[in-house]
Amino acid sequence: MTQKRVSIREIAELSGVSVATVSRVINNNGRFSETTRQKVMAVIREQGYETNAMAKGLRMHKSNTIGIVVPDLNNSFFADLVEKIEQQLFETGYSTIICDTARDPRKEAGYLKMLEAKLVDGLIVISGLKEFDSQQLSRHVPIVCIDRKPNTDKIKYIGSDHYKGAQLATEKLISAKTNPILLAGSRDSPSLIDRIKGYQDTLAKNGLQADNTSVIRLTEEEEQTPDTRRSALREILRELMTKTQPPIGIFAVSDTLAADVLIAAHSMFISVPSDLKVIGFDDAPIARYCYPELTTVRQNTDEIAVHATSYLVSAIQGKKEEDSSNNKLVDVSLVNRSTV
């Protein structure tokens with residue numbers, strides 16, 4: 001059916017109320033009786049009237065749109081989190097613009113300018129290599145940083161308890177009679193720093209020595225492709241097997257890296273979990289498709305998404321949350337499978 005071109009003034013005349021009252025009913029803002037609301041809404045439905053959302057947004061400097069800045073949508077953890085955030089925002093009436101920066105600071109800066117030009121009502125910034133600088137924005141909008149420290153305590157920070165996750169993984173490997181080694185890629189991030197600290201503190205708590213060989217980092221060249229990564233991991237495993245009495249325990253800081261460790265081990269006929277025990281981080285889908293299935297630390301993406309969207313929508317609407325803290329750590333848990 002063709003939408004009728006009626007004005008808010010005509011709706012007011014047909015309803016027998018003022019233009020201001022119609023506006024209050026449409027925007028659900030201000031005082032009016034339930035009888036008046038029903039009368040106005042009946043005329044609106046009868047006439048097929050719809051608000052011009054774009055024009056209204058320009059008048060009110062709002063767009064009902066949220067920008068989401070994410071470093072890598074090929075990463076299953078980020079993809080899962082963004083999908084859940086988008087669904088939560090959709091259910092509360094907000095659309096999203098999702099920007100994959102590919103971990104490129106110049107690309108991120110360009111996306112932030114674009115999001116500002118589109119008058120986004122709020123911003124969710126997920127992970128990143130350094131603190132998020134809110135001064136990149138020329139106007140104030142509510143911001144939530146997930147697993148990325150903001151440069152001011154006025155911005156909400158939400159993240160998994162990475163320190164605790166590292167504790168759980170390290171303690172599990174220690175209880176399995178290994179002297180755990182932490183394995184990471186070349187990129188630094190706030191979450192990785194917390195995981196390394198949790199790992200090192202847990203070693204010390206259990207009277208184990210952390211030396212220069214306790215944390216092994218792949219180089220950028222080594223982690224370029226799955227083949228280069230697995231080749232580097234075979235060399236690492238070969239050296240560990242000659243210097244360490246099995247079983248060897250490896251805490252890999254991502255499930256992808258842990259899966260590559262398992263593939264490298266299988267190619268060298270290293271028995272898992274008899275001679276090599278592996279724990280990952282994230283509980284990504286790949287963890288359940290590894291052989292053996294991967295023991296890992298689960299991040300609660302459902303809870304992170306709920307906290308992030310709830311805070312952001314409340315801030316946009318000028319409401320205060322019961323939890324006034326600007327820092328929220330979401331609990332993690334160890335998922336026991338077959339690699340330990």
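In terms of solvent-accessible area of protein heavy atoms at a 1.4 angstrom probe, what is the ranking of Asp121, Asp72, Asp331, highest value first?
Working: Asp121 15, Asp72 40, Asp331 85 Å².
From most exposed to least exposed: Asp331, Asp72, Asp121.
Cα to Cα, under 18 Å, and not fewer than 8 places away if on the same chain: which aspartates and glutamates meet these conditions relative to Lys197?
Within the straight-line cut-off, Lys197 pairs with Asp147, Asp161, Glu171, Asp188, Asp211, Asp282, Asp331.
Between Ser274 and Leu73, what FRET efficiency follows from the Cβ-Cβ distance if R0 is 30 Å, with the result rounded to 0.05? Display every interim value, and only then the final one.
Details: r = 37 Å, r/R0 = 1.24.
Here the calculated transfer efficiency is 0.20.
Could you give the nm distance between label points at Ala42 and Asp211, where each point is 7 Å from its Cα heading toward the beta carbon?
Taking the simple label geometry, Ala42 and Asp211 are separated by 8.6 nm.
So if R0 is 25 Å, what FRET efficiency would Lys319 and Arg9 give, r being the distance between their Cβ atoms, rounded to the nearest 0.05? The partial results should precede the final answer.
Numbers: r = 32 Å, r/R0 = 1.29.
Efficiency computed from Cβ-Cβ geometry: 0.20.
Antiparallel as a % of all DSSP beta bridges within the chain, to the nearest 5? If you can, show how the numbers build up before the last one.
Numbers: 4 of 40 bridges.
Of the beta bridges lying entirely in the chain, close to 10 percent run antiparallel.
What nm distance separates the two modelled labels at Ser310 and Asp201, each placed 7 Å from Cα along Cα→Cβ?
Label at Ser310, label at Asp201, 2.6 nm between them.
Cross-link candidates for Lys113: which lysines have Cα within less than 18 Å, leaving aside residues fewer than 8 places away along the same chain?
Leaving aside lysines fewer than 8 places away in the same chain, those within reach of Lys113 are Lys62.
Normalising by the residue count of the chain, find the relative contact order in percent from Cα pairs under 8 Å and 6+ residues apart. Don't skip to the answer; put the middle values down first.
Numbers: 568 pairs, mean separation 51.7, N = 340.
Relative contact order here is 15 percent.
Within 10 Å of each candidate Cβ there may be at most 11 other Cβ atoms; applying that plus a DSSP loop requirement, which trypsin sites (Lys or Arg not before Pro) in segment 160-266 survive?
Values: sites: Lys164, Lys172, Lys177, Arg187, Arg195, Lys197, Lys205, Arg217, Arg229, Arg230, Arg234, Arg238, Lys243; in loops: Lys177, Arg187.
The qualifying sites are Lys177.
I'd like the distance separating the alpha-carbon centroids of segment 143-166 and segment 253-298, in whole Å.
Between the Cα centres of segment 143-166 and segment 253-298 lies a distance of 27 Å.
Would you tell me the accessible area of Thr244, worked out with a 1.4 angstrom probe on the heavy atoms of the protein chains, in Å² to the nearest 10?
60
Which one, (i) -0.22, -0.39, -1.16; (ii) -0.28, -0.48, -1.08; (iii) -0.32, -0.51, -1.09, gives log10 I(q)/I(0) by the Debye sum over Cα atoms at q = 0.06, 0.08, 0.14 Å⁻¹ as derived from the coordinates shown?
(iii)
For segment 201-296, state which GluC sites (Glu not before Pro) are in a DSSP loop and have at most 12 other beta carbons lying within 10 Å of their beta carbon.
The qualifying sites are Glu220, Glu221.
Could you compute how much accessible surface Arg288 exposes when probed at 1.4 Å, giving the result in Å² to the nearest 10?
Approximately 110 Å² for this residue.
The values are calculated or read from the model by the stated rules, or taken from the named source; none is laboratory data. Small disclaimer: the values here were computed from a predicted structure and weren't measured. Backbone-built Cβ (ideal geometry, glycine too); neighbour counts: all protein chains shown. SASA here: full protein model, heavy atoms, side chains in, ligands and nucleic acids out. Shrake-Rupley method; radii C 1.70, N 1.55, O 1.52, S 1.80 Å.
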